[in-house]
Amino acid sequence: MRLKKLSARNYRTLQNIILHFAPDYCTLSGKNNAGKSCVIRLLNHLMEPHSRSWRQEDHPIDYHEDRTQWGKDNDSIAVEWTLTLFASDDPALIAYIETFSDQNFSESEVEVSVRVTVEANTTQTSISVDGIDLEDRASREILRKLRSSNCLFLHNSTDQQTPIFFGGSGRRQSFYELNLSEEEQKSLNDAVKNVQRKTRQLVKGHRDLLSGLLGKLNEKYDVEFTSLEGYRSKEMPFGINLKDKRVEVPIDDWGSGTQNRTYILMSLLEAKRIKDRQGSEEKITPIVVVEEPESFLHPAAQAEFGGLLQELAQELGIQIIVATHSPFMLNRVQPSSNILLRRQSRRNQLQQTEIVDSSGENWMEPFSEHLGIVAPEFKTWRSLLSSLDSRVLLVEGDIDKEYFSHIRELLGERFGLPEDVEIVPYGGKDALKNTVLVGFVLKSFDRAFVTFDLDATRDVTRSLENLGLQNKQDYLSIGRNNGGRNSIEGLLPNRITAEVFGRETELVLQLASQKAEDRKSAKGRLKRKLLEAFRKGTDYSDDELKEFIEIGKVLKKAFA
């Protein structure tokens, strides 16, 4: 089952909005109070969520509490959910609809629309299947089936309450509830009955002994030991331990980020178990909704987890809807799957929710304010975000790109940089200081390696290390640590620098100018002239190019 579309009128901040959802991995973003919670509440209303929290919240639509404040007094609340059912994944629900609609569906997909209209004193519900309206009784029964079938797995990362059980040692431990199929439940019940028979045999002697002791009392008691009379619940609790370096640790003792990530993955596996059931009489593939999966995770872990969720949505064939404040959770493969919400503002008063247009190759730009990315920084990376290449070498500027391209051509296989790696400039060291944006960019590619001038090392290495990157594995500083050679030009053969500096005396003198603009201009012109002189040469020895050859070895290993 997939949520295809949600439309709402006059519900809280959703005065008039239509949301379209991708069939696999899609995201909802926006500042606080932008309307994400309203969308989640409406999903809860349609399909009572299966949640690991003890606090199961019902979200009925109440006309007086939920009607938007900007509508007219007599405006009704109207919500419509459009679902796509698949014959392979949702046979139980399709069969149920066929029973109450007197229809037979031969196609592999069935579209179901559920409409709810709420007025001051009445609530009306109607359902259409493939465009055909059903009778009231059929609509009520199908809606009841939707709400009782665990069709929605909801995980709120900010709510860490879990079912708690106490073991024999008194140690508190959280247990996860595994949803059982009817076949599994029957198998477990049979096993329990065998245990009961064995238990009765074992406790008979203890019962007789206790009866004898109790017989000494004035009040007489009959003694009977009882054991579990069949496991009748469809959910079975089990504890989770995680291993790290041969040490098993209960999940309660791990950090909040690890706990949160593990429980989200368990919800996905539970959804997959339901999807993979063989019995068509109970198989309905759930939708998984995750609120703020980035909670408690380091930026590097966020980036890794965001990529994993996207892969799992396609691999498992399950729709995952994520409400997030993190760029690492956005769908980078299909940008149209990301929905950005914001509130309109009139006279400094927030009003209804609207969808922000994020189409086109600059799709990330509308997200920039929400993600804490200032416009100049985003523009620096914008061309890279639209790149289709899967492996990139990031260099400071356009001249650096020309250097690396020429060296690759000059040294060939001795340089070691594979031909399928694109060399991309990122606009200078300052672009590396925003860890949120840099982390997002790096995770947009299968492999990315960062280079920067040696004189920028102090400014940027801390940011890169905070993202979990390692020297010579993910990034490398370029230059010599002496005599003002702390950039890529510092690796040029001495005869090239001597030739250019001797010929361009005036530009060299301008490097000492008191005006920053003059110094910057002179530096840029000298860099260009050094590159031109380097390109003209063809008879360089390996000793003259030894630093470039060493850089090539690092890159070859990084992209292996």
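Throughout, read-outs are computed from the coordinates displayed, never taken from laboratory work. If you're wondering where the values come from, they're calculated on a predicted model, not measured in any experiment. For neighbour counting, all protein chains shown are included, and Cβ atoms are generated from backbone atoms with ideal geometry for every residue, glycine included.
Report, in debye and to the nearest 20, how large the dipole of the stretch 440-547 comes out about its Cα centre when Lys and Arg carry +1 and Asp and Glu carry -1 on their Cβ.
Using only the charged Cβ atoms, the result is roughly 280 debye.
Using the structure shown, list the pairs from Lys472/Lys536; Lys523/Lys556; Lys31/Lys443; Lys4/Lys283; Lys527/Lys557 with a Cα-Cα distance above 27 Å, or answer none.
Over 27 Å apart, Cα to Cα: Lys472/Lys536; Lys523/Lys556; Lys527/Lys557.
Residues with beta-carbon under 10 Å from that of Asp400, excluding Asp400: net charge, scoring Lys, Arg +1 and Asp, Glu -1?
After counting each charged neighbour, the total is -3.
Using Cα pairs under 8 angstrom and six or more residues apart, how large is the relative contact order of the stretch 447-489, in percent?
50
Please list, by residue number, every one of the trypsin sites (Lys or Arg not before Pro) in the stretch 320-366 that is coil in DSSP and has at most 15 other beta-carbon atoms within 10 Å.
Arg347
Sketch the reach of a paramagnetic label on Thr538 as a point 7 Å from Cα along Cα-to-Cβ, and name the residues of the stretch 389-425 whose backbone nitrogen lies under 17 Å away.
406-412
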